[in-house]
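Notes for the one structure printed next.
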Amino acid sequence: MYLSRRSFCFGFALQAIAALLIVATFGCSGEGPAPGTDTPPTPAVATSTEDEPNMQEPDPVASVTNPDESVPSEEPGEEAMDEPVVEPEPPTPETVAAVEPTIEPTIEPAAEPTAEPTAERPSLDDLLADLEIPPPWLEQVQTQYDTSQPWKEARLEIRRLLGFGKTETHREAVKLMWIYLQKDDMGDGHEYPMYTLLGGEPLWSVRAHQWYLAKPHANAPLYGYVGLASLYARYGEFEKGKALLDDAMNGLPGPPWQIMRKADIMDAYGDLYAAWGKPDEAKKYYAQAIELYPTAKPPYGGHLLPRRAAKVQSKLDLLTFRSLETAELRDGQYQEKALGYAGDVHVTLVVENGKIADIKIRHEEKIDQNACTLVPQRIIDSQSLQVDAVSGATVTKDAIVNGAYRCLKKAGLN
């Protein structure tokens, strides 16, 4: 009887220790649903009563950010601003296995021409009405990342995952972003629309942009306007894109940033009208941007303005250039560079027998979404510079096309 009782006590003690270990493991992992929720709640999206303006996908690298403006830079500060409100739900008694998300702007730039909504093609409003946030797949995504780490560390992991250019890593990045959003631990929230777009969720990114722009801002957040306008153009909502850019123009900051920001918006108008199939309007706005950039005197970053003007000039030139079919190109190897997201994108283009035979890219783009591989191959295959963008990497795609165009000019393209 004595041995039996000892065995019973010893067994009970082992069970208690095991239970404590399980609780400690799940309690410290930082993963699983946010406190007090079974499923991460969807942040309330306050859609502006005005139609939003349109802009090109954000160009964080090219942008010189005023610390007083709400425009994200490559390493945005963690300003203390209102974050999405999360309504708590009754806690669940069961421990749910960690689920992980899927990144970086990117902020997404210039839109490609898109048809207006038709009877066969649902409108953006219809698509948004059917949108589930978060999407059903999010619950199944797993991550090994320790989500107890601060946001400044987590955002680096998100960008790393987005840099792989794969669906699995994109979704993990989005999952991580969502976990931190539910924890109310994402700074001012400007990376929410950026990471949904870079993670391959453009429709979700529309909602995220609307949510971000509905928040109070000391100055109009140019990145948000540009990003949402680009998305509106993608879904054929050009009027909404224009209205959004109009709002951005009405919210320009004062000196010393005013002229440069106005030039940025003119550039975005040009992108919108080019995608809209209105080249004459696009040319007008591109020309205004080119004229304004040299006159801007920002407190810093002024050395980039001539290159930004040159980038817009390339867009203007490309509006009238559609085909290489009649071009008489000189054989040889040509090198050029164009401003990308994280710095210069260096293009080496080879012409053989009057045709583009090879394009090599050297760059420091952290999240190029495979654009540095896909875009050159598309140019070679089609023998054209009119190639599709890569979602989440329009800035990089534009830099590659602009660099290739300049190479072709050296090869004799008129």
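The values are calculated or read from the model by the stated rules, or taken from the named source; none is laboratory data. Just so you know, these numbers come straight off a predicted model, no measurement behind them. Neighbour counts run over all protein chains shown; Cβ positions are idealised from the backbone, glycine included.
Do we have any residue at all in region 236-252 that's in contact with a Ser or Thr (Cβ under 7 Å, 6 or more places away or on another chain), over 30 Å from Lys297 (Cβ atoms) and crowded, with 24+ Cβ neighbours inside 10 Å? Steps first, answer last, please.
Quick first cut of region 236-252, residues in contact with a Ser or Thr (Cβ under 7 Å, 6 or more places away or on another chain) only: 236.
Now restrict to residues that are over 30 Å from Lys297 (Cβ atoms): 236.
Narrowing further to those that are crowded, with 24+ Cβ neighbours inside 10 Å: none.
Taking every residue of region 236-252 in turn, none turns out to be in contact with a Ser or Thr (Cβ under 7 Å, 6 or more places away or on another chain), over 30 Å from Lys297 (Cβ atoms) and crowded, with 24+ Cβ neighbours inside 10 Å.
Which residues, counting only those in region 214-235, are surrounded by 18 or more Cβ atoms within 10 Å (Cβ to Cβ), over 22 Å from Asp388 (Cα atoms) and more than 15 Å from the chain's Cα centre (by Cα)? Let's see the steps before the verdict.
So in region 214-235, the residues surrounded by 18 or more Cβ atoms within 10 Å (Cβ to Cβ) come out as 220-235.
Add one more test, that the residue is over 22 Å from Asp388 (Cα atoms), and what stays is 220-225.
Scanning region 214-235 gives a single hit, Ala220.
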Take Pro256 and tell me if it is modelled with pLDDT of 95 or more and not in a helix (DSSP H, G or I).
yes
Scan region 326-349 and give yes if some residue there is within 21 Å of the chain's Cα centre (by Cα), assigned to a loop (DSSP other than H, G, I, E, B), not assigned by TED's automatic domain parsing to the domain that holds Ser205 and not small (Gly, Ala, Ser), otherwise no.
yes
Can we say Gly187 is out of contact with any Gly (no Cβ under 9 Å at 6 or more places or on another chain), modelled with pLDDT under 95 and surrounded by fewer than 24 Cβ atoms within 10 Å (Cβ to Cβ)?
no
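Conditions (1) within 26 Å of Pro294 (Cβ to Cβ); (2) modelled with pLDDT of 95 or more; (3) touching a Lys or Arg at 6+ places or on another chain (Cβ under 6 Å), marked per residue:
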{"site": "Arg207", "(1), (2), (3)": "no, yes, no"}
{"site": "Leu213", "(1), (2), (3)": "no, yes, no"}
{"site": "Asn219", "(1), (2), (3)": "yes, no, no"}
{"site": "Tyr225", "(1), (2), (3)": "yes, yes, no"}
{"site": "Ser230", "(1), (2), (3)": "yes, no, no"}
{"site": "Gly236", "(1), (2), (3)": "no, yes, no"}
{"site": "Ala243", "(1), (2), (3)": "no, yes, no"}
{"site": "Asp246", "(1), (2), (3)": "yes, yes, no"}
{"site": "Asn250", "(1), (2), (3)": "yes, no, no"}
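Out of all the residues in region 160-167, is one or more of a type outside the set (A, V, I, L, M, F, W, C), under 12 Å from Thr196 (Cα atoms), in a helix (DSSP H, G or I) and touching a Ser or Thr at 6+ places or on another chain (Cβ under 9 Å)? Write out each step before concluding.
Residues of region 160-167 of a type outside the set (A, V, I, L, M, F, W, C): 160, 163, 165-167.
Imposing the further condition that a residue be under 12 Å from Thr196 (Cα atoms) reduces the set to none.
No; the residues of region 160-167 include none that is of a type outside the set (A, V, I, L, M, F, W, C), under 12 Å from Thr196 (Cα atoms), in a helix (DSSP H, G or I) and touching a Ser or Thr at 6+ places or on another chain (Cβ under 9 Å).
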Residue list for region 308-340, restricted to those being surrounded by fewer than 16 Cβ atoms within 10 Å (Cβ to Cβ), among the acidic types (Asp, Glu) and within 13 Å of Lys410 (Cβ to Cβ):
Asp331
